[in-house]
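Below: the structure, in structure tokens.
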Amino acid sequence: MQVSHFWQRFQAFFVTIPDTLQPAFFAELARHNYSRAIVLSLGLMIIHVGLIELNFSQRYQNGVWQSVGYEQLAYLHFILEGVLALWLLLVVFFNRKTASPAVQYRWAFVFSFFMMIWCAALSSSDQKIHGQITVYIIALFGLAATQYYSLRASLVLYGMPHTALLLGIAEMQSDAQTASAHYINASVAAILAWLLSRLAYANFAREFLLRQKEKELLHELSKQAEHLAKEKQHTDRLLRELSEASWELALTNESLQRANAFKTELFEIAAHDLKNPLQAIVGFSHLIDEFDDIAKVKEMNKVIYRNAERMFGLISEFLEQANIEQQMQNLEKSLTNLSSLTEQVVSRFMHQAALKQQTITTHIEPNCFAKVDSVLIQSVLENLLSNAIKYSPEGKTITANCEKRQAKSRQQETISKKQEEKVHVPLTCIRISVQDEGQGLSEEDMKQLFGKFKRLSATPTGGENSTGLGLYLARQIIDRHGGRIWAESDGKDRGATFFIELPAAVEKVAEA
């Protein structure tokens, strides 16, 4: 146990730096020794100036030092002062901040070696005057406390000056007993100073290793913190995606519930509307068997045909409305010329209007562009024109308009692709209107105009079919496009006008 404890104490003098940390440790050690050497040299210069002024100048005036060996000692001090001054000038000239670690280490070592040799020379010269080695011992422990070197460098730094001191004592000291005492004292001091230097070096190395360990721990903590931050971001993203998915699922579920309710309601309306023509078909089919008169049979066949045709129209309209409801789930918007679209829809209904001796007139401004789902907007226009024809008496006029309108109180900023500069363009919308001279709308009609499966007070003038879904779906489609739809009427039998407003395409507004 005691041997192990002693070995641990002995190992305290030797610290091994890993190869990977050697460059960083060497740079820090060189910087430490270099800065301490500068401070020591400056301090020694100031001390020597004081010693020369207070001691040697007085002895020189008294004429004492020429006869007892002070002259040689004074020369050594003067030379030391000059060397220190030269060393400081060189340090300033080479700029210690830009010197490499290797240069700093060599300069500090040369300074330490020179100071030890010079202090050994001073103590050797002092043997003829006072017979002391105080300067050398002070230099030993001063060096051990301030300068840290590797094992090999420390052996050179402490061994060679000590050898020079021993040779100097043997040469200068005439008293053998005093010389022996100096040998022992100097050797003990050198060994103690060297051990102190090794302990200081080991402590410096341990502090360096602790700092490196702290840096590694901080780096590891930083990496872990960064990893945790990324994990948190990933978790937040997953939670956000989960929340969005839940929200989309809720919307989908709500949409499915609405679709299911719509389907149920559609089936109920279909069953109700199809019941009467089916009863007529079944009834007249039985009556045909009871009549032999060909004329009456033909008349009954016409009734059956009309009711079957009515059923076919109702079923077709129901299927079309269901298809529109499905398309509304995913709008496919594209840049559409509503002027051309309106003209196409009007031309398609010209024949239907002609069957009732009705006239369709148009006032269409060209190049009315909007970003819309053209299929759905076309279905809205078809519904409005179909209603105008359906609820207007024969010989009336229907008017379809398409124009740009500007709301000057609101502005939006866009970028002209041609000029590539910012311009302010008044917010523009496209207004489409369909005006008829039909049965008009009452106040009660206006309240439930866009409701689902709502039948108004007006009735088709030519026996056409109606499901009560057209205007409801038109409102849903226009709302999905960020537009608005409304109707105006002066009352019963005074006609009605239906309006649609859709945001104009920004690119086309900027070009205009």
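Summary of values
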read-out: When each of 396/447; 356/390; 356/447; 404/447; 333/447; 390/492 is checked by Cα-Cα distance, pairs over 20 Å; value: 396/447; 356/447; 404/447; 333/447
read-out: Label-point gap, in nm, between residue 231 and residue 141 - each point 7 angstrom along Cα→Cβ; value: 5.6 nm
read-out: Theoretical gain in end-to-end length, residue 246 to residue 167 [0.36 nm per residue, Cα-Cα removed]; value: 19.1 nm
read-out: Length gained when the stretch residue 150-residue 221 is fully extended (0.36 nm per residue, less Cα-Cα span); value: 22.3 nm
read-out: Surrounding net charge for residue 343, when Lys and Arg each add one and Asp and Glu each subtract one, Cβ distance under 14 Å; value: -2
read-out: Ascending count of other beta-carbon atoms within 10 Å, so fewest first, for 364, 133; value: 364, 133
read-out: Shape parameters for segment 143-189, alpha-carbon atoms, Rg then Dmax in Å; value: 12.7, 37
read-out: Neighbourhood charge, 12 Å Cβ-Cβ cut-off, centred on residue 491 and excluding it, Lys, Arg +1 and Asp, Glu -1; value: -4
read-out: Local electrostatic count at residue 359 - Lys and Arg +1, Asp and Glu -1, tallied over other residues with Cβ under 15 Å; value: -1
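A short reminder: the numbers here are calculations on the coordinates, not readings from a lab. Every value quoted in this text rests on a predicted model; they were computed, and no experiment measured them. Here the Cβ is made from the backbone with ideal geometry for all residues, glycine too, and neighbour counts use every protein chain on show.
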